[in-house]
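Undergrad: Dropping the structure in here first, questions after.
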Amino acid sequence: GAGVSQSPRYKVAKRGQDVALRCDPISGHVSLFWYQQALGQGPEFLTYFQNEAQLDKSGLPSDRFFAERPEGSVSTLKIQRTQQEDSAVYLCASSLVGWGTGELFFGEGSRLTVL
Amino acid sequence: AQSVTQLGSHVSVSEGALVLLRCNYSSSVPPYLFWYVQYPNQGLQLLLKYTSAATLVKGINGFEAEFKKSETSFHLTKPSAHMSDAAEYFCAVSLSGGYQKVTFGIGTKLQVIP
């Protein structure tokens, strides 16, 4: 596609529910990143994929967070047993090559509200 | 590890006035530095980047930034603000040489007053 596409744009979940957020990166982009942006904060790194390999998941805040990219294109971020502190905008970004150059192309984000 | 500090979470300028958004970085090795812009309800968009070539970097929409190693700064400027520049601006850093994270600052919200 022309840009990075994320769905849903908005998600309201009750505490304890599981949620899944989808990211369609730009076609042909090798690298895919997930960031979490809390209100009034900058994006915080969650995890990184190079093709289908998850090379860095050091930013995932707990074992309730899980990400996958099984075929090296679409990625899903799953949050189990959501908590109120999970409320944030979840940003997906892709890059043609590795992330040293930092030229990331971002989607519009998925805004998660946990009640 | 690397980090950036953005001074001023909110900056207001009059239309036509100079825009100056401050960013200082911390890095143990030569960094790559970036400015991203986020318009309301849109994704972040790269404005410009420094990757160890020219220290004065020109970006889109008339913005530029100068890398000053002695001051560990990468401030963003634009000579004359336009109403359409109202947005949130994020400074970011990654480490040169291979596989590294991009770390973002807290952001500066720019308001342009007519």
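Undergrad: Let me know the whole percent of all Cα-Cα pairs from region B:21-66 that are separated by more than 14 Å.
TA: Of the Cα pairs, 54 percent sit more than 14 Å apart.
Undergrad: May I pose another question? I'd like to know how chain B sits against the 2.2 N^0.38 Å rule of thumb: what's its Cα Rg over that expected value?
TA: In units of the globular-protein estimate, chain B measures up at 1.02.
Undergrad: For peptide B:40-46, how many partner chain Cβ atoms fall within 10 Å of a residue's Cβ, on average? Can you show the working numbers first?
TA: Numbers: counts 0, 4, 4, 12, 12, 3, 5.
Average neighbour count from other chains, rounded to a whole number: 6.
Undergrad: Can I ask one more? Going toward the positive end of the dipole of the protein assembly as shown, with +1 on Lys and Arg Cβ and -1 on Asp and Glu Cβ, which of A:I79, B:S27, A:G16 do you reach last?
TA: A:G16
Undergrad: Right, next: Rounded to the nearest 100 Å², what is the buried accessible area between B and A, both sides summed, probe 1.4 Å?
TA: Chains B and A together bury approximately 1800 Å².
Undergrad: Mind jotting down the distance between the C-alpha centroids of region A:7-65 and region B:13-82, whole Å?
TA: 26
Undergrad: Turning to a different aspect of this structure: Between A:S7 and B:K58, what FRET efficiency follows from the Cβ-Cβ distance if R0 is 45 Å, with the result rounded to 0.05?
TA: 0.80
Undergrad: Report the FRET efficiency, 1/(1 + (r/R0)^6), for B:I113 and A:A38, where r is their Cβ-Cβ distance and R0 is 22 Å, rounded to 0.05. Provide the component values of the computation, followed by the final result.
TA: Details: r = 28 Å, r/R0 = 1.28.
The formula returns an efficiency of 0.20 here.
Undergrad: Only Cα pairs under 8 Å and at least 6 apart count here; give the relative contact order of chain A as a rounded whole percent.
TA: Values: 297 pairs, mean separation 42.5, N = 115.
It rounds to 37 percent for chain A.
Undergrad: Taking Cα pairs under 8 Å and at least six residues apart, what relative contact order does chain B come out at, in percent?
TA: 38
Undergrad: If you count, for every residue in B:103-113, the Cβ atoms of partner chains within 10 Å of its Cβ, what is the mean?
TA: Across the residues of B:103-113, the mean count of other-chain Cβ atoms within 10 Å is 2.
Undergrad: Another one. How long are the semi-axes of the ellipsoid equivalent to region A:51-99, from square roots of 5 times the Cα gyration tensor eigenvalues, in whole Å, largest first?
TA: 22, 12, 10
Undergrad: Here's a follow-up. Under 14 Å from the 7 Å Cα→Cβ point of A:N51, by amide nitrogen: which residues of region A:1-32?
TA: Of the residues in region A:1-32, A:28-32 have backbone N under 14 Å from the label point off A:N51.
Undergrad: Probe radius 1.4 Å, ligands and nucleic acids ignored: give me the carbon and sulfur share of the accessible area of region A:5-102 as a rounded percent.
TA: Heavy-atom surface of region A:5-102 belonging to carbon and sulfur, 1.4 Å probe: 47 percent.
Undergrad: While we're here: Taking the Cα-to-Cβ direction at B:Y39 and at B:A17 and moving 7 Å from each Cα, how far apart do the two end points lie in nm?
TA: According to this spin-label approximation, the distance is 2.4 nm.
Undergrad: Percent of Cα-Cα pairs more than 21 Å apart in region A:2-102, please.
TA: Details: 1443 of 5050 pairs.
Tail of P(r) above 21 Å: 29 percent of Cα pairs.
Undergrad: Using only the Cα atoms of the protein assembly as shown, what are the Rg and Dmax in Å?
TA: Cα radius of gyration and Dmax of the protein assembly as shown are 17.6, 51 Å respectively.
Undergrad: Just the number, please: percent antiparallel of the DSSP beta bridges in the protein assembly as shown, rounded to the nearest 5.
TA: 90
Undergrad: Using a 10 Å cut-off around each Cβ of peptide A:104-111, what is the average number of partner chain Cβ atoms that fall inside? Could you put the intermediate results ahead of the total?
TA: Values: counts 9, 4, 7, 3, 5, 5, 0, 1.
Across the residues of A:104-111, the mean count of other-chain Cβ atoms within 10 Å is 4.
The values are calculated or read from the model by the stated rules, or taken from the named source; none is laboratory data. Remember, predicted model here, so these are calculated numbers, not experimental data. All Cβ positions, even for glycine, are placed from backbone atoms using ideal geometry, and neighbour counts span all protein chains on display. Accessible surface is based on the protein model in full, side chains and every heavy atom, while ligands, DNA and RNA are left aside. Shrake-Rupley method; radii C 1.70, N 1.55, O 1.52, S 1.80 Å.
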